[in-house]
1. Using modelled amide H (1.01 Å from N, peptide plane; none on Pro or chain starts), what sits under 5 Å from the amide H of Ala222, excluding residues fewer than 5 places away?
2. Suppose every K and R has +1 on its Cβ and every D and E has -1 on its Cβ; what is the size of the dipole of the stretch 285-326 about the Cα centre, in Debye to the nearest 20?
3. Rounded to whole Hz and in sequence order, give me ³J(HN,Hα) for the stretch 266-278 from the Karplus expression 6.51 cos²θ - 1.76 cosθ + 1.60, θ = phi - 60°, writing x for Gly and Pro.
4. What residues have an amide H closer than 5 Å to that of Ile323, excluding those fewer than 5 places away on the same chain, when H is modeled at 1.01 Å from N in the peptide plane?
5. What is the percent of Cα-Cα separations in the stretch 231-305 that go past 18 Å?
6. Name the residue farthest towards the positive end of the dipole of the chain from the options Asn114, Met24, Leu162, assuming +1 on Cβ of Lys and Arg, -1 on Cβ of Asp and Glu, about the Cα centre.
7. Choose one answer from Pro82, Pro288, Pro219: the residue with the largest mean-square fluctuation in a GNM of the chain with alpha-carbon springs under 10 Å.
8. Projecting each Cα onto the charge dipole of the chain (Lys/Arg +1, Asp/Glu -1 at the beta carbon, about the Cα centre), which of Leu46, Ala83, Ser35 comes out farthest on the positive side?
Amino acid sequence: MGTRSASERPSMRQVAETAGVSHMTVSRVLNGHASIKESTRDKVLLAVEQLGYHRNIAARALALQRTLRIGAVVETEMEFGPASALRAIHRAARRRGYSVSSIALDEDEASDPNRAFQQLLALGIDALCLVTPRSASVAAVRAASLDMPVLVVKPEREAELLRVCVDQQLGVTMVVDHLAALGHRDILYVSGPMDWLDARARERAFRTRTRSWGMRERPIIAGDWSADFGYDFAVGLERLPEYTAIVAANDEVALGIVHGLHDRGLSVPDDLSVVGFDDAPFSRHSIPPLTTVRQPFETLGATVVDVLLAAIEGSEIPQRTKIPPELIVRLSTAKPRATP
C-alpha cells in the first residue's frame with residue numbers, strides 16, 4: 001500500500017467542511033486562539049483526527065517566530081498528583097498546537113532545578129512552568145531571571161511569577177468542616193514533606209480551620225507521600241488513640257493508614273475516620289471507599305496553558321487561576337466512636 005500523495009492529503013478546507021465550521025475557524029483552532037468555544041474546538045480536532053490532517057508545524061513555528069514548545073519541570077513523576085498535573089498540561093498544550101518537554105527532578109540524585117532549566121532552554125521553549133514544586137525550585141527559578149513567561153503551580157500568592165493552583169486551603173477546610181459536622185473534635189494530621197509547597201499550605205490550612213472549630217491541637221506527623229509511611233505509622237500504634245479521625249497528606253498515605261489500622265485490629269470508620277487528598281482512581285475501590293478531596297487536574301492543566309499562551313502572545317492574562325477542589329464523601333468517615 002503506497003503513501004498518499006500530496007494532492008490526496010486532506011486540506012484545511014476539508015477539515016472545515018467535516019466539522020461544519022468556517023475555514024477561518026479551523027485556522028484559529030489550529031493556531032491556539034483562546035476565544036474559540038470548547039465545543040467548536042472539539043469538533044475541529046475530531047475532524048482533524050478523522051481525516052488524518054497534519055499541519056506543517058515547522059512552517060507555523062517559523063511564521064510565528066516561536067518554537068511552539070512549553071518547558072515543564074516537575075519535582076517527581078512518581079506521585080499521583082504531580083504526574084496527573086503534568087499529563088493534563090500535555091493534553092491541554094496539544095489542543096492549542098503546542099508541545100511540552102518535561103524534566104523530572106527525581107530522575108537521579110544529581111538533578112537540580114538550574115540544570116533542568118538549562119536543558120529545556122537548549123531545546124528551545126517559549127515558556128516554562130514548575131509543576132507542584134518544592135520551595136528550592138521556586139527560589140531557583142526566581143534567581144534565574146529567565147527571559148520568557150514563567151509559571152509556578154503553587155498555592156501561595158506569587159509577586160514575581162505567573163501562578164496557577166488548586167485551592168489547597170479550601171480543600172482542607174472542606175475536610176475539617178465535614179469531620180466537624182459528623183461530630184469530630186480531635187483530629188490528627190499526617191502531612192507530606194514540608195519542603196513541598198502544597199504540603200505546607202495544607203498543614204497551615206488544617207491548623208487554621210481546626211483552631212476556628214476549637215479543636216484539640218496535636219503535633220503534626222510529618223511523613224512522605226507513600227502508602228508505606230502511612231502503614232508503618234498506623235501499625236505502630238500501641239493502642240486505640242484518643243483522636244477520632246486522621247486527615248492524611250494524600251490518598252496513598254490514607255490507604256496505608258487504613259491498611260495499618262486493619263492489621264492492628266482497628267476498624268475504619270468505626271474506630272477511626274480517615275480522609276485522603278487527590279481522589280486517585282484507586283480511592284473509590286479501597287475497603288472502605290475513601291473520603292477524599294478531588295483535585296480537578298484537567299482544569300488545572302488547561303488553565304496553566306491558557307495563562308502561559310496569553311503571556312506568550314501578549315494578550316490579557318486569565319484572572320481565574322485558583323481552582324476550587326471538590327470534597328468526595330465515601331465510607332471511610334462517620335460519626336466519632338463513643339469516648340469515655
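1. Amide H neighbours of Ala222: Ser191.
2. Charge dipole of the stretch 285-326: 220 debye, to the nearest 20.
3. My calculation for the stretch 266-278 gives 9, 9, 10, x, 4, 8, 9, 7, 9, 10, x, 8, 2 Hz in order.
4. Residues meeting the amide H criterion: Cys165, Val166, Asp167.
5. Working: 1106 of 2775 pairs.
Counting every Cα pair in the stretch 231-305, those more than 18 Å apart make up 40 percent.
6. Met24
7. Pro219
8. Checking the options against the dipole of the chain, the answer is Ser35.
The values are calculated or read from the model by the stated rules, or taken from the named source; none is laboratory data. Keep in mind that this is a model prediction, so the values were computed, not measured. Neighbour counts are summed over all protein chains in view; Cβ atoms, including those assigned to glycine, are modelled from backbone coordinates with ideal geometry. Surface accessibility is based on the protein's heavy atoms, side chains included, excluding ligands, DNA and RNA. Shrake-Rupley method; radii C 1.70, N 1.55, O 1.52, S 1.80 Å.
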